[in-house]
Amino acid sequence: MATSSTTTFDLNIDDIIEEAYERCAIRTNSGQDLRSARRSLNLLFSEWGNRGVHLWKIELQNQALTAGTISYTVPTKASDVLEAYISTTSAQTTGTTDVSLTKIDRSQYAALPNKGATGQPSQYFVDRQLTPTISLYQAPNASTYTHLKYYTINRIEDVGSYTNTPDAPYRFLPCMCSGLAYYLSMKKNPQLTQTLRLFYEDELQRALTEDGQRSSVYISPQTYFGDGV
């Protein structure tokens, strides 16, 4: 038997809304219902952001460093910074050398006695405001430290036009439809809410499990040395 030889299946926003309403046992062409569904889908994407890290939303940022400058603005689309390192240049070697930085929290950053100290940066703090910033400790003291590079976890893009495709990979389409159906049922058909919630959580968990990196993990026991007593 012949197969399609294609792997391009996707859904636009209209398709997702229609599928969700059908799962709620409702058919609608109302403009108000479409706007309500689009709003619910944006809320669903926000809820996904609270579930954890999504690999397709990780992006490498490259920030030029200025000697003595501590804080730099993070793109507003970023939710948090996952990892950071600085690139250094040297007259003795060609290319660049990357030095990893340690992430610290607000309390640790506040406890630093001299935040304006200069030297080689070794730590960073992310202030997650509406406009996030990343602050280095110590502040770079020379042109040797040329760039700060860091990985951000970005927000899922808004739904936008009904003809758009969602800002998510194909493996999240099943839980997207079931999640929207669950959200819509709370407004349109509450009798189905609990059932649709169970379908949604099950499909979302499978998608989150698949959305991982396949790499080897090595676990070794910790060795403790007694005092001889």
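Overview of values
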quantity	calculated
Test set (1) in contact with a strand residue (DSSP E or B) (Cβ under 6 Å, 6 or more places away or on another chain); (2) open to solvent by less than 40 Å² (accessible area, probe 1.4 Å) - Gly160 fails condition number	(1)
Some residue of the stretch 146-155 being in contact with a Cys (Cβ under 7 Å, 6 or more places away or on another chain), of a type in the set (A, V, I, L, M, F, W, C) and open to solvent by less than 20 Å² (accessible area, probe 1.4 Å)	no
Single unsatisfied condition, Arg23 versus (1) farther than 19 Å from Glu157 by Cβ; (2) of a type in the set (Lys, Arg); (3) surrounded by fewer than 13 Cβ atoms within 10 Å (Cβ to Cβ)	(3)
Every residue from the stretch 179-199 that is surrounded by fewer than 22 Cβ atoms within 10 Å (Cβ to Cβ) and part of a helix (DSSP H, G or I)	Met186, Lys187, Lys188, Pro190, Gln191, Leu192, Thr193, Gln194, Thr195, Arg197, Leu198, Phe199
Qualifying residue in the stretch 2-10 (condition: at pLDDT 95 or above, closer than 14 Å to Phe172 by Cβ and among the hydrophobic types (A, V, I, L, M, F, W, C))	no
Members of the stretch 200-213 found to be without any contact (Cβ under 8 Å) to a residue 40 or more places away in the chain and open to solvent by less than 20 Å² (accessible area, probe 1.4 Å), listed by number	Tyr200, Ala207
Any hit, the stretch 69-88, residues being surrounded by 11 or more Cβ atoms within 10 Å (Cβ to Cβ), among the small types (Gly, Ala, Ser) and part of a loop (DSSP other than H, G, I, E, B)	no
Residue tally, condition open to solvent by less than 50 Å² (accessible area, probe 1.4 Å) and in a strand (DSSP E or B), over the stretch 99-122	2
The stretch 1-20, residues that are open to solvent by 50 Å² or more (accessible area, probe 1.4 Å), touching a residue at least 60 places away in the same chain (Cβ under 8 Å) and under 15 Å from Asn164 (Cα atoms)	Phe9, Asp10, Asp14
Count of the stretch 26-58 residues which are in a helix (DSSP H, G or I) and open to solvent by 70 Å² or more (accessible area, probe 1.4 Å)	5
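The values are calculated or read from the model by the stated rules, or taken from the named source; none is laboratory data. Note that the structure is predicted; figures quoted are calculated from it, not measured. Heads up, the Cβs are rebuilt from the backbone with ideal geometry, glycines too, and the neighbour counts pull from every protein chain shown. Just so you know, the surface numbers come from the protein's heavy atoms only, side chains and all, with ligands and any DNA or RNA stripped out. Shrake-Rupley method; radii C 1.70, N 1.55, O 1.52, S 1.80 Å.
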